[in-house]
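Chemist: Sharing a structure here in structure tokens format.
The values are calculated or read from the model by the stated rules, or taken from the named source; none is laboratory data. Remember, it's a predicted structure, so these values are computed and weren't measured experimentally. For neighbour counting, all protein chains shown are included, and Cβ atoms are generated from backbone atoms with ideal geometry for every residue, glycine included.
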Amino acid sequence: MLDEKLLKELQEYVEKHLERLDYVLYEPARYDSMDMPDIELDIGHDYIGLPDSELENFIKDKRKPTFHQVLFSFIDKKGASDSDVYKRAGVDRRHFSKIRSNPDYRPGKNTVIALALALELNKKETDRLLSAAGYSLSESNTFDLIILFFLDKEIYDLYSVNQALDYFSQKPLAGVLE
């Protein structure tokens, strides 16, 4: 069971971060025809008016490592075995095998977070792993705030994280609460 002090601290953390959202106003951008850039279509250029090679170079220059590359570099860096990682993350061996054998496979956000906790990644490393899979942690979401809290506290125990998620009526990361 989670320690009462930690649970109270977590509750204050979530409330504090969600309270900030009450003051954020959103106004959709408005454009009139004068503000919109003219896009010309030329033969020999792609549909957005840029030479094909310019777009290809942009993609080549901006492309980051894939989720597969980032995950397995962290596993290597931590000196962990695959079985230790997937067991600690509560990920099924077959699911992890799919991640290992298919470089283009992108698991769900909960699985990525569970793997980050299993590897005891800090906030920056977790952000990098999530980003490589196309996800992020938001301070406007209770689930994400709980994860951020545990990362800040360097508490990587999946059972404790799942208890906190359950306390806030959020879906657990992996497995079932016992």
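Chemist: Would you confirm, using the coordinates I've provided, whether GLN163 is among the polar types (S, T, N, Q), touching a helix residue (DSSP H, G or I) at 6+ places or on another chain (Cβ under 7 Å) and either buried (at least 16 other Cβ atoms within 10 Å of the Cβ) or under 23 Å from VAL14 (Cβ atoms) (or both)?
Modeler: no
Chemist: Whether any residue in the range 19-38 is among the hydroxyl-bearing types (Ser, Thr, Tyr) and either touching a helix residue (DSSP H, G or I) at 6+ places or on another chain (Cβ under 7 Å) or at pLDDT 70 or above (or both) is what I want to check.
Modeler: For the range 19-38, residues among the hydroxyl-bearing types (Ser, Thr, Tyr) and either touching a helix residue (DSSP H, G or I) at 6+ places or on another chain (Cβ under 7 Å) or at pLDDT 70 or above (or both): absent.
Chemist: Look at ALA118 and say whether it is of a type in the set (A, V, I, L, M), at pLDDT below 95 and over 21 Å from ASP3 (Cβ atoms).
Modeler: Answer is no for this residue.
Chemist: What number of residues within the range 71-124 are under 19 Å from PRO172 (Cβ atoms) and touching a His at 6+ places or on another chain (Cβ under 9 Å)?
Modeler: 3
Chemist: With respect to the numbered conditions (1) under 29 Å from LEU7 (Cα atoms); (2) modelled with pLDDT of 95 or more, which one is the sole condition not fulfilled by ILE75?
Modeler: Going through (1) under 29 Å from LEU7 (Cα atoms); (2) modelled with pLDDT of 95 or more one by one, ILE75 breaks only (1).
Chemist: Filtering the range 138-169 down to residues that are within 19 Å of PRO107 (Cα to Cα) and in contact (Cβ under 8 Å) with a residue 24 or more places away in the chain, which residue is nearest to the chain's Cα centre (by Cα)?
Modeler: Once the filter is applied, the top-ranked residue is ILE147.
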